[in-house]
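So the structure is just underneath, and the comments pick up after that.
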Amino acid sequence: MTTYSYHDRPSSSALSRSYVFGPGVSSVGHLGGPLAQTSTRAIWGGAVPVGNLGAGICQAPAWETADSKGQADGNPNLTSRLVEYLTLGDDWDGYEGKAASLETVMDAFNFLQHFPSTLPQPKPMIAGSGVIGLYWEGNGCYASIDFDGSEHYCYIADRPDDERGEDQVPVSAALPQRLIEVIAETTDRL
Amino acid sequence: MDCEEAFKEAANSNNRCGRIGERKPECGCETESVSPDSPGPVVGSETVVRLIYSPLHVDPVTGDVTEAAFSDVKDKGLSVQREAHVTSANIRAIGEQKRAQDDALGKKDRQFLGTVVAEVRTIREVTYDSGTRAFCVYDSALPSLQAHADVCQTTCSPSAMKRMRKRLRDLFQRKPKMP
């Protein structure tokens, strides 16, 4: 049995979920099939799984309280969009695009689990290769991260006159200071 | 090996652009035709058109096309149409035909959202910090689409390549428009 647990602090509430994948699943890479038959709503939209979950079982978030619910609702589009990326059909973009792998989606969630709730929330994007991106843009600044399922990410954090990035940052590592700074600069609201 | 052969050989590769770059580095095939169906090599004054089919390639708030919408450029090649060799009506027909085919196949997650365009010269002018060209534009015509071309990214570090794809996004119109 392969178990993924996401016990996030309530402030990053939308990310706090537990997945348990049952017997008969030899590797996570095989989960695309059963998950592909599971609606996004079944995984994220409600506490009770619906539809054909196959080998994958989704557990309701245990922490969700009246207080944290509001924050969970603050970013439902991001989480549901990331899960949706798993279930994209072949050629989803008209150019033979592939769905994201489970590993790639997990990397994105793992990253978001550590992402400070005080920073602006990212927007998601997906490449035809199934690479998932998160990005922030504003005030002439652009920060963007790519996840490819390798448990590492590549990022760029650019100001108009100063461009920087890294090629391989562990998903579980602390957020690079440069990334934090540029993300914060994309908005005036902080 | 000439360029036409190099493109044929790379046709089935998952990393077509990388393969072509190995065989013909420094955009070495831009000055000759890479397809027997081509009307001729792509010149800098031309504009190229990218058809956008997926709502996932557009920011739902701003309506802008995302950087990821141009990611094909790093491996299989970014498919574009050469505006000088195709009419707006043709492009619209290509988009609508594809949408109709998808509908028939039950692919309801796709639409023809329109096109974004860029001038070839500006794409070819993009360079990495080292001065190396970041993108090559080839006349990869197809029997049924003679105006077809490919934009391929040259290899560099992942973060540098990513930054150049963002720059490529900025060279194209930000919002898709119906031709």
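The values are calculated or read from the model by the stated rules, or taken from the named source; none is laboratory data. The model shown is predicted, which means the values in this text are computed figures rather than measured ones. With ideal geometry, Cβ positions are generated from the backbone for all residues, glycine too; neighbour counts draw on all protein chains shown.
For this structure, a couple of remarks:
- Filtered residues of segment B:29-59 (kept if modelled with pLDDT of 95 or more, hydroxyl-bearing (Ser, Thr, Tyr) and buried (at least 22 other Cβ atoms within 10 Å of the Cβ)): B:38
- Residue match in segment B:98-110 (condition: within 8 Å of chain A (Cβ to nearest Cβ) and assigned to a strand (DSSP E or B)): no
- Residue ID - farthest from the chain's Cα centre (by Cα), chosen from residues in segment B:36-54 that are in a strand (DSSP E or B) and away from chain A (no Cβ under 13 Å): B:47
- Of the residues contained in segment B:16-23, none is found to be in contact with a helix residue (DSSP H, G or I) (Cβ under 7 Å, 6 or more places away or on another chain), surrounded by fewer than 18 Cβ atoms within 10 Å (Cβ to Cβ), in a strand (DSSP E or B) and not aliphatic (A, V, I, L, M).
- From the list B:156, B:136, B:152, the lone residue that is modelled with pLDDT of 95 or more and either acidic (Asp, Glu) or more than 19 Å from residue B:41 (Cα to Cα) (or both) is B:156.
- Test result for residue A:97, free of Cβ contacts under 8 Å to residues at least 60 places away in the same chain, part of a loop (DSSP other than H, G, I, E, B) and closer than 17 Å to residue B:66 by Cβ: yes
Yes/no per residue for (1) over 23 Å from residue B:55 (Cα atoms); (2) in contact with a Leu (Cβ under 7 Å, 6 or more places away or on another chain); (3) at pLDDT below 50; (4) not in a helix (DSSP H, G or I):
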site: A:68; (1), (2), (3), (4): yes, no, yes, no
site: A:72; (1), (2), (3), (4): yes, no, yes, no
site: A:89; (1), (2), (3), (4): no, no, no, yes
site: A:103; (1), (2), (3), (4): yes, no, no, no
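- Considering segment A:163-177, and only residues there that are within 8 Å of another protein chain (Cβ to nearest Cβ) and farther than 14 Å from residue A:107 by Cβ, the residue that is farthest from the chain's Cα centre (by Cα) turns out to be A:163.
- Cross-chain or 6+ apart pairs with Cβ under 7 Å, segment B:55-66 first and more than 8 Å from chain A (Cβ to nearest Cβ), then part of a helix (DSSP H, G or I) and surrounded by 18 or more Cβ atoms within 10 Å (Cβ to Cβ): B:65/B:57; B:65/B:169
- Any hit, segment B:89-102, residues being under 21 Å from residue B:167 (Cβ atoms), surrounded by fewer than 17 Cβ atoms within 10 Å (Cβ to Cβ), more than 17 Å from the chain's Cα centre (by Cα) and of a type in the set (D, E, K, R): no
- The set of residues from segment B:117-168 being within 11 Å of chain A (Cβ to nearest Cβ), part of a helix (DSSP H, G or I) and charged (D, E, K, R) comprises B:162, B:163, B:165, B:166, B:167.
- The number of residues in segment B:139-160 being aliphatic (A, V, I, L, M), over 14 Å from residue B:85 (Cβ atoms) and surrounded by fewer than 23 Cβ atoms within 10 Å (Cβ to Cβ) comes to 1.
- Wholly enclosed strands (runs of 3 or more DSSP E) of segment A:109-180 bearing at least 2 residues of a type in the set (D, E, K, R) and surrounded by fewer than 17 Cβ atoms within 10 Å (Cβ to Cβ): A:162-170
- Within segment A:147-162, being more than 13 Å from residue A:110 (Cα to Cα) and either out of contact with any Asp or Glu (no Cβ under 9 Å at 6 or more places or on another chain) or more than 11 Å from chain B (Cβ to nearest Cβ) (or both) holds for A:158, A:159, A:160, A:161, A:162.
- The test for being closer than 30 Å to residue A:179 by Cα and at pLDDT below 95 does not hold for residue B:165.
- Selection from segment B:74-103 of residues that are β-branched (Val, Ile, Thr) and over 17 Å from residue A:92 (Cα atoms): B:80, B:86, B:87, B:91
- All positions within segment A:139-169 that are among the small types (Gly, Ala, Ser) and closer than 18 Å to residue B:129 by Cα: A:157, A:165
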